[in-house]
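The next block holds one structure in the form of structure tokens; read it before the comments.
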Amino acid sequence: MERSRAVERINVLSDAILEIASQTNLLALNAAIEAAQAGDSGSGFAVVAEEIRKLAENSKETATEIQSVTQQVLESVHHLSVSSEQVLSFLDEKVSKDYDMLVETGKQYNADARMIDEMVTEFSATSQQLYSSVQSIMRAINHVSQAAVEGASDTMEMANETTLIAHRSQEVLERVKAVKESAERLLETVSLFRV
């Protein structure tokens, strides 16, 4: 804005130059009339008056051109000012809001990933306890199986079922570990959104 005022000042100065050129042109015209009235003795003065008139005309043309260029610069500054305001408005209304939303979404993803990680860790610990309990039961049944002669087939079947349960528990534990690893990878990915 300060620079546009400087350009306006150039316009004012150009007006002053035009006024001076106009006055100089009038003086040159008066001098030419005086020289003509003086006859031969004023011929030298007539040459000087003509040169002053030409200088006044050149000054007028230059000042007019300066005014034209100054007007173009003022229009460009105005358009630039309007464009700058539009860019600032766009940044404030669109980009800033989208950025804030992205930051909030990243925070939410991060919180969700942490919650999933905690749940998977708890589930993993519970599954581990379940697996240990099943192993203990299996050992107890094996002891009973070895000690008992009667009903051995029933005990064996129970032992087989317990073994199957132990295998299933092992599978569950492995799946829980896989889910935990996925949750940790998700947590790492979400941490990239942190600001």
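Every number here is computed from the coordinates shown, using simple stated rules; none is lab data. Not measured: the values here are computed from a predicted model. In this analysis, Cβ positions are derived from the backbone assuming ideal geometry, glycine residues included, and neighbour counts consider all displayed protein chains.
Quick notes on this one:
- As a proxy for reagent exposure, 165, 20 were ordered by neighbouring Cβ count within 10 angstrom, fewest first; the result is 20, 165.
- Within the straight-line cut-off of under 23 Å between alpha carbons, the lysines reachable from residue 107 are 94, 97, 180, sequence neighbours fewer than 8 places apart in one chain being disregarded.
- Nearest-0.05 FRET efficiency for residue 11 and residue 37, computed from C-beta distance (R0 35 Å): 0.30
- When segment 31-109 is reduced to its Cα atoms, the Kirkwood hydrodynamic radius in Å: 18.3 Å
- From phi via Karplus (6.51, -1.76, 1.60), per-residue ³J(HN,Hα) for segment 44-52 in Hz, x at Gly/Pro: x, 5, 5, 5, 5, 4, 5, 5, 5
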